[in-house]
């Protein structure tokens, strides 16, 4: 091999230098390759572990909610039996205690079935081509009674895309966001929900904007946690699962969800869904 | 110890109802007041102090509540005039099994004791005997 020096003189490298250079290069390449494969192996095993943990957690929630319902149902039946057979002997306080037992066991049963629904999101359906405009039509139809009684209007600011996803889950996402926008209003304010979609680097960014009570900044990160509630049930009844479900559904479609809002000035729920 | 005022702060009305009965069984002369919203109790403390009404001797406070939670209540409570809070013995009463909460309650000086739910008659007897 011939190199040219600064002065323009050709330099002949001895063969052993070339050989040594080749061997060293080879070793470095091999070392890099080993490091990369090791890292890749380690990464793959982490991913596997993570998937397993997720599966275990879902399985756990599912089994737990099933098994927890059983004794609760027996408890409810026994309370009913006591009420039927001994109500007249219990006096007003005894009857009050019983009706409280009924009420709390019903609440617990609700919490458990909500937990079950949460753990099952996306499990019972196949991924398919979904027209979000059609999903919105369907939700509109299902909620027609509620929309009428509350005087709520839904405005489509743009068209909605077609994506690959889980139709039932996406319908639930839309329905949760719309019913929240209708529910969290002050006084007899007429709810207005504006829906828009835009493409942003491979994802659809979809926004549900409302004219409701808004969410103070300090609570905005907490609202997606399951069973987290910001209001007492006398003001706004609920179990605190709606937005947790929304988050899980969006994440199932490789997106993320957040809210932009100020206290008293309405909320804008934004989420992304992977585009085809 | 006659005519003590006990305030229960918990967003669950059935919990307040049950706790009221358990306390009354062991302390029949106590006047018990229930609050479903922590900030209401806070305002009531301030108002009672201003207009010279009776302040509670005991407060049982839940942690996990919507709107103002137990910890947020305590932050605001610490900022009240010490003349309001000096005589009050505050107990954290909660079903939270979170270790962090227990530890945090231990570090918080205004909390007299951390009592785990459900409140038992023994707890009430002990609390009243110690006070």
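Any chance you could check the Cα centroid distance between segment A:154-210 and segment A:51-66 for me, in angstrom?
30 Å
Whole Å is fine, so just give me how far the alpha carbon centre of segment B:87-118 lies from that of segment B:8-27.
One Cα centre to the other: 17 Å.
Averaged over peptide A:94-104, how many Cβ atoms belonging to another chain are found within 10 Å of each residue's Cβ?
Rounded to a whole number, the mean comes out at 2.
Which whole-number percentage describes the relative contact order of chain A, with Cα contacts under 8 Å and a sequence gap of 6 or more?
Here the relative contact order equals 14 percent.
Output the direction-averaged projected area (hull surface divided by four) of the convex hull of the alpha-carbon atoms of segment A:27-168, in nm².
17.0 nm²
If I model a spin label as a point 7 Å beyond the Cα along the Cα-Cβ vector, how far apart are those points for residue A:22 and residue A:59 in nm?
Calculated label separation equals 5.4 nm.
Provide the packing ranking of A:194-205, A:13-24, A:109-120, i.e. peptides ordered by the mean count of other C-beta atoms within 10 Å per residue, highest first.
A:109-120, A:194-205, A:13-24
Given only helices, namely DSSP H runs of n ≥ 4 each adding -39500 (n - 2.57), what is the per-residue ellipticity at 222 nm of the protein assembly as shown, to the nearest 500 deg cm²/dmol?
-17500 deg cm²/dmol
Is there a simple number for the mean count of other chain Cβ atoms within 10 Å of the Cβ of residues in A:220-231, and what is it?
Per residue, the number of nearby Cβ atoms from other chains is 1 on average.
Ranked highest first by average number of other Cβ atoms within 10 Å, how do A:71-83, A:245-257 line up?
Going from most to least packed, we get A:245-257, A:71-83.
Averaged over its residues, how many other protein chain Cβ atoms are within 10 Å of peptide A:232-241's Cβ atoms?
Average per residue, whole number: 2.
Angle, helix A:167-183 long axis vs. longest principal axis of chain A, Cα atoms, 0 to 90°, nearest 10?
Once rounded, the angle reads 60 degrees.
Work out the FRET efficiency for residue A:275 and residue A:96 from their Cβ-Cβ distance, taking R0 = 60 Å, and round it to the nearest 0.05.
Computed FRET efficiency for residue A:275 and residue A:96: 0.60.
Any read-out appearing in this document is the output of simple, stated calculations on the displayed coordinates, not a laboratory observation. Here the structure is a predicted model, which is why all the values come from computation and not from measurement. We place every Cβ from the backbone using ideal geometry, glycine too, and count neighbours over all the protein chains shown.
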